[in-house]
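Take a look at the structure below.
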Amino acid sequence: MDVPSLPSLPDGYRAIVIGASGALGAALLAHLRADPRCALAIGLGRRTEPALDLDDEPSIARAAQLLAQQGPWHCIVHAAGVLHAPGMAPEKRLGQLNYGQLEATFRINTFGPGLVLAHFAPLLPRKERGLLAVLSAKVGSIGDNRLGGWYSYRASKAALNMLLKTVAIEVARTHPQAVLAALHPGTVDSALSRPFGGDRIGRPAPDAAADLLRVLDGLDPEQTGRFYSYKGESLPW
């Protein structure tokens, strides 16, 4: 497979992947590091240096502060999220809703990424093209919800989409060449989707990462603040 690049970015661009320990985050980081036009690609997570823990706001702020010294950063991708955990599975029925799972899901899928946007969006270049993406999910589309279920996951991704949209409006005032997007990666063979048949129906993470980078690279500033699939389709909120 050809190594994808981001030809719309200047030669020697710098990139950050948050959530680089996951299958998709690791694949995104590998593609960026293999791109000869990318001068620097850094992965962030709980065990990196600097460390970034979505459950710890000071770590998010500290990581952004440290990396700002090496900026600007032309491509920032947030690839972390949670769908299930020990003792926590997507709710199939309304009666399964509980405060603990709602809070835990929103902290990782919405609140943490919202703080990432707050601290990392200013690292984009002001006078050059910049790309910032958060990995969302099609099941977070309110307009596309036909099956129900998965309450907290759907709601957390819908809320993340609203944060991204709102941030894009503000960032456009100071970074007119920036493009912010929520991206749906499709089903990927990863730890996140494997309990739901991802190993049988999902695409390999490197293929999904390549698709996402191509879609992101093809967007222009007039398309900022929108929701796209890995095929480049515009998805309903």
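The values are calculated or read from the model by the stated rules, or taken from the named source; none is laboratory data. If you're wondering where the values come from, they're calculated on a predicted model, not measured in any experiment. Note: ideal-geometry Cβ built from the backbone for every residue, glycine included; neighbour counts use all protein chains shown. Side chains are part of the model used for accessible areas, which takes the heavy atoms of the whole protein and leaves out ligands, DNA and RNA. Shrake-Rupley method; radii C 1.70, N 1.55, O 1.52, S 1.80 Å.
Just a yes or no: is a residue in region 43-61 over 20 Å from the mean Cα position of the chain (by Cα), open to solvent by 20 Å² or more (accessible area, probe 1.4 Å), over 18 Å from A182 (Cα atoms) and in contact (Cβ under 8 Å) with a residue 40 or more places away in the chain?
Scanning region 43-61, I find no residue that is over 20 Å from the mean Cα position of the chain (by Cα), open to solvent by 20 Å² or more (accessible area, probe 1.4 Å), over 18 Å from A182 (Cα atoms) and in contact (Cβ under 8 Å) with a residue 40 or more places away in the chain, so the answer is no.
Among residues belonging to region 1-28 that are polar (S, T, N, Q) and touching an Asp or Glu at 6+ places or on another chain (Cβ under 8 Å), point out the one that is modelled with the highest pLDDT. Show your work before the answer.
We begin by selecting, within region 1-28, every residue polar (S, T, N, Q); these are 5, 8, 21.
Applying the additional criterion that residues be touching an Asp or Glu at 6+ places or on another chain (Cβ under 8 Å) yields 5, 8.
Numbers: S5: 76, S8: 97.
Among those residues, the one meeting the criterion is S8.
Residues in region 7-23: is at least one surrounded by 24 or more Cβ atoms within 10 Å (Cβ to Cβ), of a type in the set (G, A, S) and touching a Pro at 6+ places or on another chain (Cβ under 7 Å)?
no
In region 29-42, is there at least one residue being out of contact with any Gly (no Cβ under 9 Å at 6 or more places or on another chain), modelled with pLDDT under 95, under 22 Å from V188 (Cα atoms) and open to solvent by less than 50 Å² (accessible area, probe 1.4 Å)?
No, the conditions are met nowhere in region 29-42.
Please pick out the residue among K157, K165 that is open to solvent by 20 Å² or more (accessible area, probe 1.4 Å) and within 19 Å of Y230 (Cα to Cα).
K165
Please go through region 209-231 and give me each residue that is open to solvent by 40 Å² or more (accessible area, probe 1.4 Å) and more than 18 Å from A168 (Cβ to Cβ), ordered by number.
Hits for region 209-231 are R214, Y230, K231.
What residue, among those in region 72-99 that are open to solvent by 30 Å² or more (accessible area, probe 1.4 Å) and touching a strand residue (DSSP E or B) at 6+ places or on another chain (Cβ under 8 Å), is nearest to L6 (Cα to Cα)?
Only one residue tops the list, namely P72.
Can you find a residue that is out of contact with any strand residue (DSSP E or B) (no Cβ under 7 Å at 6 or more places or on another chain), of a type in the set (S, T, N, Q) and assigned to a loop (DSSP other than H, G, I, E, B) anywhere in region 191-210?
Within region 191-210, the first condition is being out of contact with any strand residue (DSSP E or B) (no Cβ under 7 Å at 6 or more places or on another chain), and the residues that meet it are 191-197, 199-201, 204, 206-207, 209-210.
Going one step further and asking which of them are of a type in the set (S, T, N, Q), we end up with 193.
Next, only the ones that are assigned to a loop (DSSP other than H, G, I, E, B) stay: 193.
Checking region 191-210: at least one residue is out of contact with any strand residue (DSSP E or B) (no Cβ under 7 Å at 6 or more places or on another chain), of a type in the set (S, T, N, Q) and assigned to a loop (DSSP other than H, G, I, E, B).
Name the residue, out of A27, A20, A79, A68, that is under 14 Å from G112 (Cα atoms), out of contact with any Phe, Trp or Tyr (no Cβ under 7 Å at 6 or more places or on another chain) and aliphatic (A, V, I, L, M).
Values: A27 fails: under 14 Å from G112 (Cα atoms); A20 fails: under 14 Å from G112 (Cα atoms); A68 fails: under 14 Å from G112 (Cα atoms).
The unique qualifying residue is A79.
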